[in-house]
Structures are given as C-alpha cells and as structure tokens.
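Have a look at the structure below, then the notes.
The values are calculated or read from the model by the stated rules, or taken from the named source; none is laboratory data. Since this is a predicted model, take the numbers as computed values, not measurements. As a convention, Cβ positions derive from the backbone with ideal geometry for all residues, glycine included, and neighbour counts pool all protein chains shown. Heavy atoms of the whole protein, side chains included, go into the accessibility calculation; ligands, DNA and RNA do not. Shrake-Rupley method; radii C 1.70, N 1.55, O 1.52, S 1.80 Å.
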Amino acid sequence: MIAFAIRRFMQALGVMLVVALISFLMFRFVGDPVNQLVGVDTSPAEREALRQALGLNDPVMIQFSRFIVKAVQMDFGISYQFKQPVAALIASRLPATLELSFVSALFALAVGVPMGVYTGLYRNTLLARGFLAISLIGVSLPTFLIGILLIFVVSVHLGWLPSFGRGETVNLGGVWTTGLLTKSGLLSLILPAITLGLFQMTLIMRLVRGEMLEVLRTDYIKFARARGLSRRAVNFGHALKNTLVPVITITGLQLGSIIAFAIITETVFQWPGMGLLFLQAVQNVDIPIMAAYLLLIAFLFVTINFIVDLLYVAVDPRIRLGEARR
Amino acid sequence: MTATLSVRNLRVEIPTRGGVLRAIDDLSFDIAPGEVLGVVGESGAGKSITGSAIIGLLEPPGRVAAGEIRLGGERIDDLGPDQMRRIRGRRIGMIFQDPLTSLNPLYRIGDQLTETILTHERLSQRAARDKAQKLLEEVGIPAAGARLSAYPHQFSGGMRQRVVIALALCADPELVIADEPTTALDVSVQAQIIALLKRLCSERGASVMLITHDMGVIAETADRVCVLYAGRLAEIGPVRAVVKHPQHPYTHGLMSAIPSLAGDPDEELAQIPGAMPRLGAIPDGCAFNPRCDHAFARCRAERPHPYPAGASDAACFLHDPDPAHRPPEPVARAAAARGIAAADETPEATS
Amino acid sequence: MPDVVGKDTNGAAAARGPLRRAIESDLWYSFTRSPVTVVSAAVTLVMILSAAFASLVAPHNPFDPATISILDSFYPPAWMEGGDPRFLLGTDDQGRDILSTILYGMRISLAVGFASVLFAMVIGVTLGLVAGYIGGAVDSVIMRIADVQLTFPAILIALLINGVARAMAGPQSYDQVVLVVLVLSIGLSFWVQYARTVRGSVLVEANKEYVLAARLIGLRPWTIMFKHVLPNVMGPVLVIATINLALAIITEATLSFLGVGVPPTEPSLGTLIRIGNDFLFSGEWWITIFPGITLAILALAVNLLGDWLRDALNPKLR
C-alpha cells in the first residue's frame with residue numbers, strides 16, 4: 001500500500017514537471033516578455049538592460065529552475081493586461097470558481113446517481129426511458145447553450161433567477177469570499193450550477209446505469225438470487241455497492257473536469273471566477289496568467305487523481321489485501 | 001415415495017430474431033429423494049439451461065414454454081417471482097461453475113454467509129455467525145473462525161468452492177443443482193470437492209442434480225445419469241448400465257471415445273463424426289440421425305421418445321417395442337453387435 | 001425431405017451478393033429496428049446536404065455586402081408580428097437573414113468538425129500503430145504524453161493551443177490561419193482515445209498468427225501495420241470517430257462562443273450564438289435561439305447515431 005502510494009506520488013510529480021516545463025516554455029518563449037512589459041518608445045538599450053535584469057539571458061535550465069522555485073512560492077510574475085501580480089489575481093477569483101464547482105458536483109451526484117440506479121434496475125419503464133432521453137440531451141447540448149437556454153427561459157421570460165454575477169458575497173477572514181451566506185448569492189448560484197453540472201450529471205447517470213447493468217449480469221448476482229436473497233438485498237446490498245465503487249472514483253476525477261468547464265459557464269453568466277480570467281488571458285494573449293492557470297489546474301487535477309487513487313485502494317479489498325494465500 | 005424433483009415434458013424456448021429456438025424439447029425425468037442424478041452432454045446440449053429453468057433463473061428472453069416442474073409433488077414452474085424466490089436457497093440450492101465469480105469480491109465471507117442464513121432463518125446475529133462458522137468447518141475450511149473475516153480472493157480455488165457449497169447448503173435444501181462444480185478447479189482438487197458435495201448431501205438427505213460434461217465424475221458419484229443431446233433426452237438410467245451398456249448410439253459413441261487405461265495405447269480414439277447441431281438447425285426426426293451409424297428411414301422422419309431398453313430408457317427407434325416398427329435386419333444386427341439390443345432381445349454382457 | 005442436417009448456414013450466405021449481405025446483416029437490422037436512429041440519420045443527412053449546398057439552398061447570401069441592407073435589421077421571424085416573409089427566421093443587427101446565416105454557419109461548423117476528427121484520427125491511429133507495434137521506448141514516450149494529456153479535459157487543451165498559436169502568429173496573420181489553428185487545436189485534444197484503442201488492438205493482433213506469418217515472409221513493418229493490422233482495428237476507431245464528431249462540433253461551437261474560435265466575418269453556429277447573445281435581453285431572441293436550436297439538433301442527431309453504432313458494434317451487448 002505504501003509502495004503504491006509512493007509510486008503514484010512520483011508519477012504525479014512527473015506530470016507536474018512536464019506541465020511546468022510546458023508552462024515555462026510558454027511563459028518564456030511565446031511572445032516576448034520584455035515587449036509586453038514596456039511601452040513602444042523604450043529604447044533598445046533599455047530593453048536589453050531589462051532583459052538582463054529579468055535574467056532572460058541566462059541558460060535555459062537556470063531559468064527553468066528559477067521558474068519552478070518561484071512557482072512553488074506562488075510567484076507567477078505580473079499580468080500583461082492588469083499589471084498586477086498574477087498570484088493575487090488568481091487568488092481573488094479562486095473562491096468563486098471553487099464554490100461553483102463544488103455545488104455543481106454535488107448537484108450532479110445527487111441527481112445523477114439515483115437516476116442511474118433507477119434506469120439500471122427498471123430498464124423498460126416510461127420513467128427510465130424519460131431519464132435516458134434527458135441524459136441524451138444533456139450530453140449533446142454544449143454547456144454554453146444550456147446556459148443560454150436557461151437564461152432565456154428562467155431569467156428573461158420568467159424572471160425568477162438572476163442571470164449574471166454572484167450576487168452579494170461575504171468576505172471570510174480576508175481569504176475567501178463566499179456567496180453561500182446571502183440570499184442573492186445563493187439565487188445567483190442556481191442557474192450556473194445547473195448549467196455546469198448538467199453535463200456531469202448525465203455522464204454520472206450513464207456511468208451508473210452502465211455499471212449497474214454489467215453488475216446485474218455477473219455470476220455473483222446470479223448466485224445471490226439462487227440463494228434466495230431478497231430483491232432489495234440483491235439490488236441494493238450487492239449490486240449497488242459493486243456499482244458505486246468504480247463510480248465514486250470516476251466521479252472524483254470528474255471534479256477536475258468541472259473546474260475546467262467552469263470557464264464556459266463563467267463566461268455565459270459573467271461569473272467572476274478563475275475561468276473567466278483565463279479566457280480573457282487567452283483572448284488578450286496574457287501569457288503569465290495562462291501559464292499560471294495551467295500550473296494551478298494541473299496541480300488540482302494531479303492532487304485529485306492522487307486522492308482518488310488512494311480512495312480506490314482503500315475501498316476495493318482485492319487491491320488492499322493482495323492475492324490469495326494457498 | 002414422491003420424487004424430490006419431477007420434470008415432465010419440459011420445453012424451454014429462446015425467441016431470437018431468426019425464430020424461436022428450443023433449447024430444451026420435451027424433457028422428462030425424476031430425481032428420487034437422496035439420489036444423485038448426473039446430467040451429461042456436450043456444450044450446448046442444454047444441461048445448464050435445464051438447471052436454470054428448474055430454479056427459475058432463466059436468462060430472459062428464454063422462458064419455460066411448456067411442461068411441468070414439480071418439487072416434492074408441488075408445481076413450481078407456474079409460481080410468481082416472490083414465491084419462487086422463497087423456494088430458492090431454502091428448498092433448491094444451486095452451485096455454479098466458477099467459484100471466483102460466484103462470490104461478491106467486496107464482501108467478507110462471513111458476511112455473505114450470515115446474510116444468507118438470516119434470509120432463511122430467524123436467528124440473532126450472534127447465532128447466525130456461529131452457524132456460519134460451523135458451516136465452514138463442515139465444508140473443511142481450516143481455522144474457520146478467523147476465515148470468516150476474509151475476502152473471497154484470499155482463498156484458493158478449491159477453498160472458494162467449499163465456501164460456495166456452504167452457502168448453497170446453509171438452509172438445508174431438498175434439492176441441490178450443481179452446474180459444473182469442478183470444471184474450473186484443478187484436477188487434484190476436483191475429487192475432493194465432489195466427495196464433499198456427495199457426503200454433505202447424503203448426510204442431509206438432499207437430492208443432487210449434477211450437471212457436467214465429465215463422465216468420470218458421473219461414473220464415480222452419480223446413482224443415475226441422464227444424457228442430453230441438442231436439448232433432448234437421449235438416454236437415462238442407472239450409472240453402471242449407461243456407462244457399461246449404453247443403449248443409445250450417441251451414448252455408446254460417448255463411452256467409446258473415453259480412453260481407458262486398459263486399452264491399447266496405440267489405438268485411435270473412436271470419434272463420432274460430425275458435430276452436435278446448433279439449436280437453429282436441428283434435423284427432422286431424431287436429432288442424432290445424421291451422425292448415427294444405425295440410422296434408418298424412420299429416424300429421419302419421426303422423432304423418437306424414450307423407450308425402455310434394458311435397465312435404462314433410450315430415445316431410439318432401435319428400442320421401439322412395437323413389432324410393426326422393427327428396424328431393418330442389418331441395422332438391428334449391427335447395433336446388437338455393439339451391445340445396443342433391439343427391444344425384445346436381452347443386452348449382451350460384453351464386459 | 002430436404003436434407004438440412006448439420007449444414008453450415010453461413011456458407012450459404014456468403015454465396016449471395018454483398019448488397020444482400022449488407023441488408024441482411026445485424027447492423028442493418030438493428031438500424032432499421034430503431035426508429036430513433038433512422039430519424040437521426042435522416043436529420044444528419046439533411047443537415048449535411050443543406051450545409052454543403054448552402055449557396056444553392058439558402059434564400060440569401062448573408063456575406064455578400066451588396067445584398068444586405070442595414071434597413072432590414074432586426075426583423076422578427078416571419079410568423080410573428082412585424083415579420084417579413086423574405087426572412088423566414090428573422091434578421092440580425094446587420095440585416096442578414098438568419099436562415100441563411102445558419103446554413104452557411106452550419107457549413108463551417110461541419111467542416112471544422114469533420115476536419116478535426118479526421119486530423120485526430122490520422123494522428124491518433126498512426127501513433128497508436130507505432131506505439132503498439134514498435135513498443136519499447138517509443139511506446140513509453142507516446143503513452144506518457146497521452147497520460148499527461150488525458151489528465152486534462154479537451155476544451156482546456158484546445159484553448160491552450162489556441163492561445164499559444166494566437167501569441168505565436170501575431171494578431172494580423174492570426175485571422176488568416178484561424179481555421180487551421182482551430183482544426184489543429186481541436187484535433188490535438190482528441191487524438192489520445194484513438195491512439196489508446198488502436199494500440200490496445202495492435203498489441204492483441206501482433207501476437208496473432210497472420211502477423212507472425214507476414215513477418216516470416218519478410219514484409220516490412222509499415223506494410224504489416226497498415227495493410228494487415230489496421231483493417232482489423234478500424235471498427236472501434238469508427239465508433240470513436242462518430243462519437244467524437246458530435247464532441248468536435250460542440251467544442252468548435254464552444255470555442256467560437258467564447259470568442260476564440262471562428263471570427264464573425266465567416267461565422268460558424270457558435271459564433272452566431274455569441275453574436276446573438278448580446279441581444280437576448282433586449283428582446284431579439286431569435287438571433288441567438290435559432291442557431292442554438294440548430295446546433296442542438298445537429299449535435300443530438302450525430303450523438304444518437306454514434307450511440308447506436310457503438311451499441312450495434314459491441315459484441316458484449318448482443
């Protein structure tokens with residue numbers, strides 16, 4: 001178990017290094033950092049001096065290690081657009097994205113799992129077919145379209161919910177701003193969370209259904225039935241437990257995906273999160289923000305993957321306890 | 001005495017897009033209390049489907065289309081799902097082929113046992129656990145108490161099958177259906193498991209329906225044996241009779257194909273030419289007729305039903321007692337030379 | 001009495017013509033059995049055809065400055081009050097006919113979608129073949145890259161490549177290459193699935209006798225890979241491609257909506273939606289909703305086809 005954890009940790013580190021390399025290459029070689037920082041009328045001599053001062057003439061490896069050291073210290077340089085430290089910019093926007101992502105993930109799980117179980121157990125009922133139809137729509141419609149349609153129907157036509165911004169937020173200890181504590185904050189959260197979570201919800205539903213159908217076909221379920229176990233014991237005691245084990249791990253991985261997809265939702269709803277920041281960076285070629293965002297996302301993903309892997313080992317006794325003793 | 005299991009004219013159909021397949025066609029047999037009936041046949045002959053049909057676990061769209069199945073005299077083929085569920089485990093137990101996939105890998109053995117015990121008996125958790133431990137000891141698992149908290153993958157194949165047997169027997173069913181219980185096990189372990197199964201069932205007075213393609217197991221363990229071919233009964237009778245004096249040409253072919261230690265090692269194994277027909281392409285008349293050395297005109301036109309043939313019953317026109325339907329002389333003589341006697345002749349003792 | 005004893009019915013089937021075989025095959029059967037699939041196929045076909053022949057089918061050419069007039073702007077759909085029968089679905093802020101813009105936009109959406117999938121397939125299949133057949137260090141490197149890339153969702157990768165290309169090309173020349181960049185970025189975010197599947201199949205096939213035989217004869221590795229192994233792995237590849245097509249179309253639409261995709265001068269459906277989004281609150285909903293519905297129907301139809309194909313080709317579900 002420990003060996004496994006160490007191995008996965010080294011792998012995670014490896015991925016981070018690769019991403020850091022890409023990030024660094026982008027940062028350093030795409031476009032000219034100096035040109036971005038100074039005005040057009042700066043003389044070549046001054047530019048050269050600046051280049052020297054920034055350490056841009058040093059060997060690449062040294063620049064790379066400097067980059068990594070700074071990254072670990074959360075120093076990502078200055079944004080081209082806003083002329084402010086990137087780290088501070090991202091930090092101010094992080095809570096908005098994380099809150100949105102978590103609420104979406106909860107929504108996706110809370111709705112997706114029961115729907116999946118139902119359609120797995122009762123395959124041919126009208127309700128099951130209805131769920132499957134909804135899932136198809138959820139998978140086919142692009143996230144932004146769902147957002148627009150929701151805005152159109154709920155905000156424009158019915159006027160029930162706000163369609164942009166976070167509403168009022170509460171500042172917690174200067175570190176985190178939350179929208180969960182105000183009414184307008186919560187209302188503003190609803191449409192974006194549904195938009196962001198719908199795709200994940202349908203994925204989860206289909207995953208649970210698929211797993212459920214597979215499990216119901218196994219020999220141990222057949223044997224459980226042959227032993228006379230009640231329908232409830234077979235379906236929910238055995239089948240459900242075996243279904244959920246892979247589902248939980250895959251869902252954990254999806255959390256990272258949600259954070260990335262937040263870019264789209266934040267754009268549609270003008271939600272002031274990291275995703276919107278990143279998009280503006282892409283549009284305006286603000287390399288420092290792009291590079292920093294990449295590293296941060298990679299870090300989040302890798303961490304989530306790592307935790308999920310450990311979780312999987314903890315839950316499946318076959319991996320945890322090793323193979324048969326003769 | 002009422003037979004534990006009585007199957008009459010069972011027909012199992014599987015609707016497919018190419019038409020309706022008859023996986024089992026007009027099958028009838030009995031199993032007496034405490035008896036071990038072997039059910040043999042090639043892959044696809046319908047052995048497993050018979051077992052699944054009896055316990056009510058046919059995979060849809062397969063279904064019982066006709067016939068009766070009686071357990072201890074009462075009909076069970078027409079029961080609703082809840083009633084059938086109450087019979088499963090308590091009155092009919094079933095064991096499957098692969099013990100690894102038969103057990104839920106995420107649950108401890110002890111939990112799976114106590115769950116099954118508590119489904120059929122009102123006991124306290126404590127009492128159920130004690131009973132589980134006793135069952136494990138009965139099937140020969142050492143250090144049973146500690147093993148209750150183990151997971152299936154921590155057992156070897158033979159041990160796992162013992163656990164499976166314990167699970168199937170924990171409610172003392174009157175009939176145990178064992179579907180290829182040793183096929184997935186090492187040869188060295190097979191004999192132990194079969195012996196265990198036989199001992200436990202005879203101790204409990206349970207009947208056993210032992211489904212297998214391994215004639216060796218049947219010869220050692222069964223009291224009677226029934227031979228299936230393309231979903232139909234070919235021959236049924238006491239083990240010694242069927243093995244030593246097979247009365248159906250197919251059974252005869254099967255027995256001849258088994259190499260014997262006493263035989264000549266250089267002699268080629270006898271083979272039955274051709275292959276068992278697929279369910280969608282069963283020939284008219286007797287299903288075996290294209291491969292049969294003794295087939296005559298009637299075999300291709302009508303389907304034979306089991307006739308008495310010495311100690312066993314064989315579904316072959318060679319044994320039709322009706323004098324108006326005697327097989328042609330040369331055919332009868334060739335068959336008799338093989339020990340397959342025509343109806344009014346006594347079988348030759350050839351061994 | 002016909003002697004049908006033990007005859008191999010498959011042998012008889014091969015004697016009939018290939019068309020007959022196709023019609024009688026399981027694939028066609030499951031296709032015609034499912035009305036939903038037939039409808040999706042029909043819808044997809046209609047959309048592809050109308051997009052391909054947009055210049056013939058569309059009532060107007062929305063991108064010819066000579067034919068549009070700002071006086072025609074903001075007409076609602078023809079069946080609503082204030083509508084004009086010339087413009088069935090209304091007009092946008094510049095007087096362009098929505099129906100026509102949708103048709104032309106669909107052309108771009110489909111073109112980029114198909115091109116990306118093709119690109120991803122070519123790269124993915126090639127890399128998968130190479131990784132699986134050659135193995136060793138090459139295999140490790142390719143799979144490592146694949147693993148790293150798989151950690152991230154496709155949209156992120158597409159955005160990243162897009163951003164980098166934008167930075168490298170500079171603002172002026174970027175517009176000229178934007179379509180190529182789009183195809184590249186979307187394609188590069190999808191190649192991994194193909195590579196993995198093909199590699200898996202190659203690893204299985206490489207041990208089979210026909211490959212060993214080919215090597216014994218002395219055929220060169222490339223020949224073996226492409227002529228012999230490849231046909232056997234194309235089945236799952238096609239399934240992935242169909243499912244990917246919907247995803248590619250959606251990804252392009254998303255990128256365009258976000259403003260980093262197809263520019264408004266030759267808009268795709270996503271760009272149209274983006275343009276129309278500004279008018280959603282001021283009441284001219286049709287500018288964004290109709291392209292939106294079109295995109296939804298297209299994605300849905302292609303997805304249904306992909307679903308059916310996957311189920312039909314999946315041996316486990318038979």
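The label point for B:R278 and the one for C:M234, both projected 7 Å from the Cα toward the Cβ, are 2.5 nm apart. Per-residue packing, averaged as other Cβ atoms within 10 Å, sorts the ranges A:61-70, A:10-19 into the order A:10-19, A:61-70, beginning with the highest. Per residue of C:249-261, what is the mean number of Cβ atoms on other protein chains within 10 angstrom of that residue's Cβ? Other-chain Cβ atoms within 10 Å of each residue's Cβ, averaged: 4. Are any of the pairs A:K241/B:K47; B:K198/B:K244; A:K222/B:K47; B:K47/B:K198; B:K47/C:K208; A:K83/A:K183 more than 24 Å apart by Cα-Cα distance, and if so, which? Table pairs above 24 Å Cα-Cα are A:K241/B:K47; B:K47/C:K208; A:K83/A:K183. Mean projection of the Cα convex hull over all viewing directions, computed for region C:41-150: 10.8 nm².
The angle separating the long axis of helix B:157-169 from the principal Cα axis of greatest extent in chain B is about 90 degrees.
The packing ranking, built from the mean of other Cβ atoms within 10 Å per residue, places the peptides C:122-129, C:54-61, B:321-328, A:91-98 in the order C:122-129, A:91-98, C:54-61, B:321-328, highest first. A viscosity of 1.306 mPa s and a temperature of 10 °C, combined with the Kirkwood radius over C-alpha pairs in the Stokes-Einstein formula, give the protein assembly as shown a diffusion coefficient of 47 µm²/s. Of C:F152, A:F27, A:F269, the order by accessible heavy-atom surface (1.4 Å probe, DNA, RNA and ligands excluded), from most exposed downward, is A:F27, C:F152, A:F269. Working from label points 7 Å from Cα in the Cα-to-Cβ sense, the A:R129 to A:R231 distance is 2.0 nm.
Counting only the Cα atoms, region B:262-318 fills a convex hull of 128 Å³ per residue. For the residues of B:42-54, the average number of beta carbons from a partner chain within 10 Å of their own beta carbon is 0. In a GNM of chain A with a 10 Å cut-off on Cα contacts, which of A:L198, A:L89, A:L255 has the highest mean-square fluctuation? Between A:L198, A:L89, A:L255, it is A:L89 that shows the largest mean-square fluctuation. Here's the picture: charge each Lys and Arg Cβ at +1 and each Asp and Glu Cβ at -1 in chain A, and of A:A71, A:L189, A:I263 the one pushed furthest to the positive end of that dipole is A:L189.
Using a 1.4 angstrom probe on protein heavy atoms only, the contact between A and B buries about 2800 square angstrom of accessible area, both sides summed.
Charge dipole (Cα centre; +1 on Lys/Arg Cβ, -1 on Asp/Glu Cβ; no other charges) of the protein assembly as shown amounts to roughly 1440 debye. Distance from the Cα centroid of region B:306-341 to that of region C:236-256 is 69 Å (rounded to whole angstrom). The Cα center of region B:201-215 and the Cα center of region B:32-110 differ in position by 13 Å. Here the simple spin-label model places points 7 Å from the Cα toward Cβ, and for A:M74 and A:N171 these points are separated by 1.7 nm.
Pairs of alpha-carbon atoms within less than 8 angstrom and 6+ residues apart define the contacts here; what relative contact order does region B:191-325 have, in percent? Provide the component values of the computation, followed by the final result.
Working: 163 pairs, mean separation 27.3, N = 135.
In percent, rounded to a whole number, it is 20.
Kirkwood radius for region A:150-201, taken over all pairs of different Cα atoms as the inverse mean of 1/r, rounds to 11.8 Å.
Taking Cα atoms only, the orientation of helix B:125-138 departs from the longest principal axis of chain B by about 50 degrees.
What is the mean number of Cβ atoms from other protein chains located within 10 Å of the Cβ atom of each residue in peptide B:91-103, rounded to a whole number?
3
Gain on full extension, evaluated as 0.36 nm per residue between A:L17 and A:A53 minus their Cα-Cα distance, stands at 10.4 nm. Projecting each Cα onto the charge dipole of region A:134-235 (Lys/Arg +1, Asp/Glu -1 at the beta carbon, about the Cα centre), which of A:L198, A:A233, A:G147 comes out farthest on the positive side? Of the candidates, A:A233 comes out farthest on the positive side. Taking other residues whose beta carbon is less than 11 angstrom from the beta carbon of B:E74, and scoring Lys, Arg as +1 and Asp, Glu as -1, yields 0.
Note on region B:24-148: with charges restricted to the Cβ of Lys and Arg (+1) and Asp and Glu (-1), its dipole about the Cα centre is near 700 debye. Each Lys and Arg contributes +1 and each Asp and Glu -1, all at the Cβ; summed about the Cα centre of chain B, the dipole is approximately 1180 debye. Counting only protein heavy atoms and using a 1.4 Å probe, the accessible area of A:T303 comes to about 50 Å². The GluC sites (Glu not before Pro) of region B:5-99 include none that meets both criteria, a DSSP state outside H, G, I, E and B (loop) and at most 13 other C-beta atoms within 10 angstrom of the site's C-beta.
May I ask for the distance between the Cα centers of region A:53-68 and region C:51-68, given as a whole number of Å? Cα centroid of region A:53-68 versus Cα centroid of region C:51-68: 54 Å apart. Solvent-accessible area assigned to carbon and sulfur over the protein assembly as shown amounts to 62 percent, based on a 1.4 Å probe. Over region B:195-291, the ratio between the Cα radius of gyration and 2.2 N^0.38 Å evaluates to 1.25.
The phi torsions of region C:112-125, fed into the Karplus equation with coefficients 6.51, -1.76 and 1.60 and a -60° offset, translate into couplings of 5, x, 4, 4, 5, 5, 4, 4, 4, 5, 4, 5, x, 5 Hz, rounded to whole numbers, with Gly and Pro shown as x.
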